[in-house]
Amino acid sequence: MAWRTGQRICSAPNAFWCLSRAAALKVLLFSSVFAVSLMWGQSPGPSNVGDCRPCSFSPGGSLPAYSFTFDLKTVPEGRAVEAIAVARDSKPVQRLPVAGMEPIGAEEQFFFGGVDLNFDGLLDLMLITRKGVANAYAEYWLFDSKTAMFTALGTYPVFRVDVQNRRLTTYERGGAAGLIHEAKEYAFLEGKLTLVRDEKQDATQQRGVYRKVVRERIGGVMKVTKSETVRAPK
């Protein structure tokens, strides 16, 4: 199967802020998750796909290609992936349930593919399961090199992969042109995805005034490291 993003990658470091909400979401989906595959010299990265019957690629190294086939459910609102059947060397190896995916239109495509989340040089899996104007969420599965199978990681706001710092970051807009938001950073500590930083900014009872609270993992515990007042630009 030929893999295409069908989109231009925006390379500007502050693209999320300089583009409209719709354009920023495209940058979030395509550039952040696709860049890590390019960094490791592997292909394919996540992209828009039809019905995946099947989609095929190798997790990397000397591993053979795996094929992924969507188990689709059709509802009045459209269609959704209920599970992903995984095969290797034409033999079924596992079935990955997909939790509560929101249906997409019959003519829409799914966003699916491989991305290295835990920086081991092998591709894991992601599938967008819910998206709106400003935020998108994906279900992730990690590739276990010992068992040569995929294990569920969970559903998160779409990760931006920071290869240099070996971090996964998320950003959720809550309103007020981004003044209400939550940003998180995760790292794999002892093989487990762990929250290491959280920044949350909410509205206060005073108009145009917001409270930003930052927590960081210190000594194995999340502690408040900053709390400040932020005023909306005039």
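The values are calculated or read from the model by the stated rules, or taken from the named source; none is laboratory data. Remember, predicted model here, so these are calculated numbers, not experimental data. All Cβ positions, glycine included, derive from the backbone under ideal geometry; neighbour counts span all protein chains shown. Accessible surface areas use protein heavy atoms only, side chains included; no ligands, DNA or RNA. Shrake-Rupley method; radii C 1.70, N 1.55, O 1.52, S 1.80 Å.
Worth pointing out:
- Subset of the range 93-135 [farther than 15 Å from Cys52 by Cα, out of contact with any strand residue (DSSP E or B) (no Cβ under 6 Å at 6 or more places or on another chain) and surrounded by fewer than 19 Cβ atoms within 10 Å (Cβ to Cβ)]: Ala99, Gly100, Phe119, Asp120, Gly121, Lys131, Gly132, Val133
- Residue within the range 59-79 that is at pLDDT below 95, among the hydroxyl-bearing types (Ser, Thr, Tyr) and exposed (fewer than 14 other Cβ atoms within 10 Å of the Cβ) present: yes
- Residue among Phe150, Phe188 that alone is part of a strand (DSSP E or B), in contact (Cβ under 8 Å) with a residue 60 or more places away in the chain, out of contact with any helix residue (DSSP H, G or I) (no Cβ under 7 Å at 6 or more places or on another chain) and open to solvent by less than 40 Å² (accessible area, probe 1.4 Å): Phe150
- Only residues that are touching an Asp or Glu at 6+ places or on another chain (Cβ under 7 Å), in a strand (DSSP E or B) and of a type outside the set (A, V, I, L, M) were counted across the range 132-144, and they come to 3.
- Restricting the range 191-224 to residues that are loosely packed, with under 13 Cβ neighbours inside 10 Å and β-branched (Val, Ile, Thr), the residue that is farthest from Asp162 (Cα to Cα) is Thr204.
- For the range 153-181, a tally of residues being open to solvent by less than 40 Å² (accessible area, probe 1.4 Å) and touching a Gly at 6+ places or on another chain (Cβ under 8 Å) returns 1.
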